[in-house]
Amino acid sequence: MTTNTAAARTTLARLLGVGVTFGERTALADVDLDVPAGAVTVVAGPNGAGKSTLLEVVAGVRQPTSGTRSVTATIAFVPQRTSIPDGLPVTVRDVVTVGAWGRVGRWRPLDRRARAAVDEALDRLDVADLAQRPFAALSGGQRQRALLAHGLARGADLLVLDEPTTGLDAVSAERIRVTLLDEAARGTAVLGVSHDPLLLDAAHRVVRLEAGRIVCRPDGAAGATGSAAGHPPRGGAGDEEARCGTVAS
C-alpha cells in the first residue's frame with residue numbers, strides 16, 4: 001500500500017455511463033464514479049435509490065446492463081448480511097481465515113504472513129477474544145465486526161461495504177468507523193453505502209444517489225482525516241442531504 005497523500009490521486013475503480021435494469025425497472029442510469037485509493041467514499045441516498053446495486057457493480061458481483069466498469073485492484077466485498085447458515089459449525093476465526101485465502105489461494109493452508117493477517121484483523125476489530133466462538137452465536141455488532149475482519153484479512157486494495165454500521169451498538173459502530181479511516185490512511189480505497197451521520201461526517205468523499213442517478217458528487221480534491229475516534233473533527237454537516245462532495249485537507 002502507498003501512503004494516503006500519494007494514493008488519494010490514484011483511481012482504483014471507475015464506472016462510466018453505467019446502467020442496470022431489472023426487467024422494466026431501472027436501478028442505475030448513466031452513473032459515472034471514481035473510487036480513489038487512500039480515501040473513504042460513502043454513497044448516500046434514500047432507500048431504493050440503487051446504492052446496493054452500485055456497490056455490487058463496483059465489486060464485480062453484478063454486471064452492468066450498459067456502460068463500463070474498470071478496476072485495477074484486488075477487492076474485498078463486505079455485504080450487510082452474510083450468507084453463512086446459522087447451522088454451519090464455523091467459528092469467528094474460520095470466517096476471518098477464509099478472507100485470508102485471498103493471499104494464498106482457496107483451500108490452501110495459510111502461510112506465516114496470512115496467519116499474521118488473520119490475527120491482526122481479529123485484534124483491530126476487537127473480536128480476538130471471540131475467535132473460537134461459533135459465528136452463529138454472535139450479536140449483530142459482533143457479526144459485522146467479524147465480517148469486516150474477514151475483509152481486512154484478504155489484504156485487498158479496495159474495500160467495498162454495504163451499510164457497515166447500520167443497526168449496530170455504539171461501540172461496534174465506532175470501532176468500524178475508526179477501522180475504515182485507518183484503512184484509508186494505509187492507502188486502501190474504501191467505498192461504502194451508509195445512512196450513518198457520523199460515518200458521513202468522517203468520510204473523505206460523499207456521493208448522493210437518487211432514483212439510480214448521481215445527483216451530487218465529489219470534486220476530485222484530496223480527502224482529509226475523519227472525525228471518528230483518533231481523527232480530528234471535520235466540521236461537516238453529518239446529514240446525508242447536506243454532506244455531499246469532498247472535504248479538503
Practice prompt. Using the structure shown, decide if Gly167 is modelled with pLDDT under 90 and not assigned by TED's automatic domain parsing to the domain that holds Val40.
Written response: no
Worksheet item: For the range 141-163, what are the residues that are polar (S, T, N, Q) and surrounded by fewer than 23 Cβ atoms within 10 Å (Cβ to Cβ)?
Response: Gln142
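From Ala27, Ala37, Ala76, which residue is under 28 Å from Gly102 (Cα atoms), in contact with a strand residue (DSSP E or B) (Cβ under 9 Å, 6 or more places away or on another chain) and modelled with pLDDT of 95 or more?
Working: Ala27 fails: under 28 Å from Gly102 (Cα atoms); Ala76 fails: modelled with pLDDT of 95 or more.
Unique residue meeting the criteria: Ala37.
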Response to the item:
When restricted to Val207, Val193, Val160, the only residue aliphatic (A, V, I, L, M) and in contact with a Phe, Trp or Tyr (Cβ under 7 Å, 6 or more places away or on another chain) is Val160
Worksheet item: Which of the residues spanning the range 8-66 are under 13 Å from Leu158 (Cβ atoms) and of a type in the set (Ser, Thr, Tyr)?
Response: Thr10, Thr11, Thr41
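Per-residue answers, yes or no, for (1) surrounded by 15 or more Cβ atoms within 10 Å (Cβ to Cβ); (2) more than 20 Å from Leu161 (Cβ to Cβ); (3) assigned by TED's automatic domain parsing to the domain that holds Gly212:
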site: Thr68; (1), (2), (3): no, yes, yes
site: Leu88; (1), (2), (3): no, yes, no
site: Arg93; (1), (2), (3): yes, yes, no
site: Val96; (1), (2), (3): yes, no, no
site: Trp101; (1), (2), (3): yes, no, no
Discussion item. If I ask for residues that are over 11 Å from the mean Cα position of the chain (by Cα) and farther than 18 Å from Ala121 by Cβ, which ones from the range 149-167 would you list?
Written reply: Thr166, Gly167
Practice prompt. Name the helices (runs of 4 or more DSSP H) wholly inside the range 75-166 in which the number of residues that are under 30 Å from Asn47 (Cα atoms) is 1 or more.
Written response: 92-104, 140-154
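The values are calculated or read from the model by the stated rules, or taken from the named source; none is laboratory data. Predicted, not measured: the structure shown is a model, and the values here were computed from it. Here Cβ is always computed from backbone atoms with ideal geometry, including for glycine, and neighbour counts include all displayed protein chains.
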